[in-house]
Amino acid sequence: MSKLKTFIRRLKHLSFKRWFMHVRQVSEETGGNKLYIAVDMLWCIARYGIGYLDYHSFGFYKKPKAQRLTYLTMNDSQIITRYLNDRDYYYVFDNKTVFDKRFEKYLRRRYFDLREADAETLRDFCEETSTFFAKATEKCGGEGIRRVEVTADTDYNALFSELMENGQYLIEEPIKQHPKMSELCPTSINTVRIVTVRMDDVAHFMYALVRMGNGGCVDNVSSGGMYTSVGEDGKLSRPAFCDKTGLYYDEHPMTHTVFNGFEIPFFNEAVEMCKEAAFVEPHMRYVGWDVAITPDGPVFVEGNNLPGYDMCQNARHRDEGILPRFEEVLGTKIRDLK
């Protein structure tokens with residue numbers, strides 16, 4: 001029944017344009033028959049609970065059943081989230097202001113809430129910086145984020161009113177990015193998504209990805225960015241994937257930085273910071289931490305109570321799914337947690 005509901009829900013939201021785009025791209029990449037691929041995509045939606053983008057990015061074409069069963073699906077991810085995270089505490093991660101206050105130790109930058117201040121507070125804040133970020137506190141995917149530059153002529157009363165009206169209450173000092181990370185994309189803070197699962201008194205490192213912009217000020221995949229996996233040694237060895245284009249890149253299309261061999265600075269320190277932070281909110285045990293790398297070390301950008309299941313299982317990044325890893329850490333079969 002759960003698979004049937006997922007199948008019906010996916011069909012309702014099916015974009016034929018996107019579906020055929022992925023059918024064509026899979027065909028071009030594999031030489032496979034388009035009709036067979038289209039039918040197999042529908043079968044996988046019904047049988048495994050994945051979508052056409054998952055089919056493409058997971059490399060399901062020509063994968064045998066045994067390998068397909070190793071993949072974490074959206075339903076599996078939701079089961080894990082319900083099991084490990086208390087919904088009453090989602091707000092700690094959904095609300096950016098609450099997150100900043102709870103994890104202030106790991107931010108290492110100034111911030112304040114406009115609702116607890118006035119135009120003079122904003123003016124005083126800008127005495128030490130000519131640029132800041134204004135964020136809508138409960139939006140995600142890079143939505144509601146504005147980069148603001150002030151000058152000697154800035155009308156702070158008007159600016160304060162405008163930000164309040166837009167619901168961009170959280171004011172944050174810019175993060176100074178490590179020069180090495182700027183080689184990926186200089187216009188965005190290129191974050192490392194580090195996922196942890198806390199079981200009893202142990203915080204387990206599950207996987208890491210690096211996300212980068214492509215000319216914009218944010219690195220979110222939903223906003224046109226791209227991502228690739230990060231090895232446990234902090235090095236990149238696989239091409240980056242862009243959801244918007246459905247293409248893989250061996251080098252960044254804007255900066256031409258080659259991904260293979262690129263090393264994330266302070267990666268071990270970033271992992272340890274996330275494992276330590278995993279104990280701050282005891283009711284949330286499955287978290288995706290978005291980490292920026294500065295010249296002085298890692299800092300938090302935000303946390304996610306639903307880290308995602310798809311990017312970490314990209315076929316060009318790994319040969320099989322991550323489901324066995326989660327079941328090893330949880331000590332049980334995911335489907336037994338229902």
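Answer yes or no as to whether Asn166 is more than 20 Å from Ile189 (Cα to Cα), open to solvent by 20 Å² or more (accessible area, probe 1.4 Å), touching a strand residue (DSSP E or B) at 6+ places or on another chain (Cβ under 9 Å) and not hydrophobic (A, V, I, L, M, F, W, C). Here the answer is yes, as Asn166 does meet what is asked.
For the stretch 126-147, state whether one or more residues are at pLDDT 95 or above and in contact with a Phe, Trp or Tyr (Cβ under 6 Å, 6 or more places away or on another chain). No - not one qualifying residue is present in the stretch 126-147.
Within the stretch 52-68, the set of residues being surrounded by fewer than 18 Cβ atoms within 10 Å (Cβ to Cβ) and of a type outside the set (Lys, Arg) comprises Leu53, Pro64, Ala66, Gln67. Here the strands (runs of 3 or more DSSP E) wholly within the stretch 234-338 that include at least 1 residues being open to solvent by less than 10 Å² (accessible area, probe 1.4 Å) are 240-242, 286-294, 297-304. Selection over the stretch 175-200 of residues that are surrounded by fewer than 15 Cβ atoms within 10 Å (Cβ to Cβ) and in contact with a Lys or Arg (Cβ under 8 Å, 6 or more places away or on another chain) gives a count of 1. Beta carbons closer than 6 Å, at least 6 apart along the sequence or on distinct chains, pair a first residue in the stretch 231-245 that is over 16 Å from Glu272 (Cα atoms) with a second that is open to solvent by 20 Å² or more (accessible area, probe 1.4 Å) and of a type in the set (S, T, N, Q) for Ser237/Asn260; Arg238/Ser229. Here Tyr71 meets the list (1) open to solvent by 10 Å² or more (accessible area, probe 1.4 Å); (2) not in a helix (DSSP H, G or I) almost entirely, failing just condition (1). Out of everything in the stretch 10-39 that is among the charged types (D, E, K, R) and under 21 Å from Asp76 (Cα atoms), what residue ends up being surrounded by the most Cβ atoms within 10 Å (Cβ to Cβ)? Here the residue is Arg10. Of the residues making up the stretch 69-83, one or more are more than 18 Å from Glu320 (Cα to Cα) and aliphatic (A, V, I, L, M).
The values are calculated or read from the model by the stated rules, or taken from the named source; none is laboratory data. Quick caveat: nothing in here was measured; it's all calculated off a predicted structure. Cβ: placed from backbone, ideal geometry, glycine included. Neighbour counts: every protein chain shown. Side chains are part of the model used for accessible areas, which takes the heavy atoms of the whole protein and leaves out ligands, DNA and RNA. Shrake-Rupley method; radii C 1.70, N 1.55, O 1.52, S 1.80 Å.
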